Amino acid sequence: MNDGVGTDIGQRLTDDQPADHLPAAVVPAAIGLTTTPEATLIPGLIANEGERASRRYVDFFTSNIRNPNTRRAYGRACHRFFAWCEERGLGLTAIRPSDVSTYIDIRQRTHSAPDVKQQLAAIRMLFNWLIIGQILPNNPASAVRGPKHVVTTGKTPVLDAKEWRALIDAIPVNTLRNLRDRALIATLTYSFARIGAALTLRVEDLRPKGAGWELRLHEKGGKQHVMPCHHALAEALRSYIDAAGIAGDREGFLFRTSRGHRGITLSEKPMDQSDAWRMMRRRAAAVGIVAPIGNHSFRATGITAYLSNGGTLEHAQEMAAHESPRTTRLYDRTRERLTRDEVERIRL
């Protein structure tokens, strides 16, 4: 038992140290909570329930949640909630639906509906995990309703055809880094790939298929999704792979970081999402694109272009590996463009 303010981390989780071999008081670095002193603590109200509860808490993030982005977001959400509970002197078994509801109401005053819904989802899922592990008898968050939030159009900035072409044409083909950047942008646009799936591609994931090529994408939840290559994408990828001389390194990462300022050699390490984001913002600024585009913008741009040119929502959903057509519609900006065109008819 401790004093309710948390248990200090004496050891961090690494890939070589599975959760079941760690001291019970360890919060894994994989949760993504290592930026503040408070983030390096197991919540006191969890630690106060003993070693089984502490291990179950660690396992929730390391075993139950596989997506690293979800893991970080849910880790932050649970820490905030339990810190709030500790400030009010609540023990784990003393938390009631009214406490969760009060926390959600307070959160709504200063945060957006999507943020609050994610907070509630994380808390509810963790409590369910603790119930399954026989740490708690019931889930105090199960009956709490989050804010209503209906999204019909996504907020991700989308490029029109002229902007996209200007961006691509502005990237020369004189260095490996430039060829890599062109190939990555083409991959996100023409294959509708998520950035996480694109950056985990291996050289062997580009495979011949008949007279063309196909990409094997490793999507969320461990799913594999095969997407035929658009001819422009196949050309960009082959130009990059041939120039880099990595065709024989079948198990190596496809999109690698570059060494030095000249961009003429590549490392064996894969790019991460922040690398890709900085590259895209730099490329956009170079051609005067002021919209805050990011990694997801090219996926949305590809889907919008496909639908604008007569593609069906059903096929777009399949190519984007979306579970629901509602998700695909969030990427469809054809209605926005139609509205702008119609407004321009107002001539005085």
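Quick one: if the Förster radius is 30 Å, what FRET efficiency do SER239 and THR312 give, using the C-beta to C-beta distance and rounding to 0.05? Present the calculation step by step, with values, prior to reporting the outcome.
Details: r = 31 Å, r/R0 = 1.03.
The computed FRET efficiency comes out at 0.45.
Taking H as built 1.01 Å from N, whose amide H comes closer than 5 Å to the amide H of LEU254, not counting residues under 5 places away?
Distant-sequence amide H within range of LEU254: LEU201, ARG202, VAL203.
If you roll a 1.4 angstrom probe over the protein chains with everything in place, what fraction of the accessible area of segment 44-184 belongs to carbon and sulfur, to the nearest %? List each step's numbers first, then the result.
Details: 3420 of 7050 Å².
Exposed carbon and sulfur together represent 48 percent of the surface.
7 Å from Cα along Cα→Cβ at both ALA121 and GLN273: what's the point-to-point distance in nm?
1.3 nm
Can you give the accessible area per residue of segment 178-335, in Å², using a 1.4 Å probe?
Values: 7620 Å² over 158 residues.
So segment 178-335 comes to 48 Å² accessible per residue, rounded to a whole number.
What trypsin sites (Lys or Arg not before Pro) in segment 214-308 are in a loop by DSSP, with at most 12 other Cβ atoms within 10 Å of the Cβ?
Numbers: sites: ARG216, LYS220, LYS223, ARG238, ARG250, ARG256, ARG259, ARG262, ARG278, ARG281, ARG282, ARG283, ARG299; in loops: LYS223, ARG250, ARG262.
Within segment 214-308, the qualifying trypsin sites (Lys or Arg not before Pro) (loop, at most 12 other Cβ atoms within 10 Å) are LYS223, ARG250, ARG262.
Using a 1.4 Å probe and counting only protein heavy atoms, arrange TRP129, TRP164 so the residue with the most accessible area comes first. Intermediate results must be reported in sequence, preceding the final value.
Values: TRP129 45, TRP164 25 Å².
Output order, biggest surface exposure first: TRP129, TRP164.
With a point put 7 Å past each Cα toward its Cβ, work out how far THR102 is from ALA166 in nm, to one decimal.
In this crude label model, THR102 to ALA166 measures out at 5.5 nm.
Give, as a single signed number, the net charge of other residues whose beta carbon lies under 9 Å from the beta carbon of ARG207, with Lys and Arg counted +1 and Asp and Glu -1.
Numbers: positive: LYS209, ARG216; negative: GLU204, ASP205, GLU214.
In short, -1.
Take ASP249, ASP169, ASP205 and sort them by solvent-accessible surface of the protein heavy atoms, 1.4 Å probe, largest at the top. Walk me through the intermediate numbers first.
On the way: ASP249 65, ASP169 100, ASP205 0 Å².
Largest to smallest exposure gives the sequence ASP169, ASP249, ASP205.
Show me, for segment 116-128, the HN-Hα J-couplings you get by feeding each phi into the Karplus relation (A = 6.51, B = -1.76, C = 1.60, θ = phi - 60°), rounded to Hz, glycine and proline as x.
Calculated HN-Hα couplings, in order: 5, 5, 5, 4, 5, 4, 5, 5, 5, 5, 5, 4, 4 Hz.
Using amide H atoms built 1.01 Å from N in the peptide plane, name the residues 5+ places from GLU214, or on other chains, whose amide H lies under 5 Å from its own.
ARG207, LYS209, CYS229
Principal axis extents for segment 184-295, Cα atoms only, whole Å, descending order, please.
40, 28, 28
To the nearest 10 square angstrom, how much accessible area does HIS315 have with a 1.4 angstrom probe?
Approximately 90 Å² of HIS315 is accessible to the 1.4 Å probe.
Where Rh denotes the Kirkwood radius from the mean inverse Cα pair distance, what is Rg over Rh for segment 230-308?
Working: Rg = 14.6 Å, Rh = 14.6 Å.
Using Cα coordinates only, the ratio equals 1.00.
What is the diffusion coefficient of segment 83-203 in µm²/s, taking the Kirkwood radius over Cα pairs and the Stokes-Einstein relation at 20 °C with a viscosity of 1.002 mPa s? Show your work: numbers first, answer last.
Values: Rh = 18.7 Å.
Stokes-Einstein gives a translational diffusion coefficient of 114 µm²/s.
The values are calculated or read from the model by the stated rules, or taken from the named source; none is laboratory data. As the structure is a computational prediction, the values presented were derived from the model and not from experiment. Because the Cβ atoms are built from the backbone with ideal geometry, glycine has one as well, and the counts that use them run over all protein chains shown. For the accessible areas, the whole protein counts, side chains as well, though only heavy atoms, and no ligand, DNA or RNA atoms are used. Shrake-Rupley method; radii C 1.70, N 1.55, O 1.52, S 1.80 Å.
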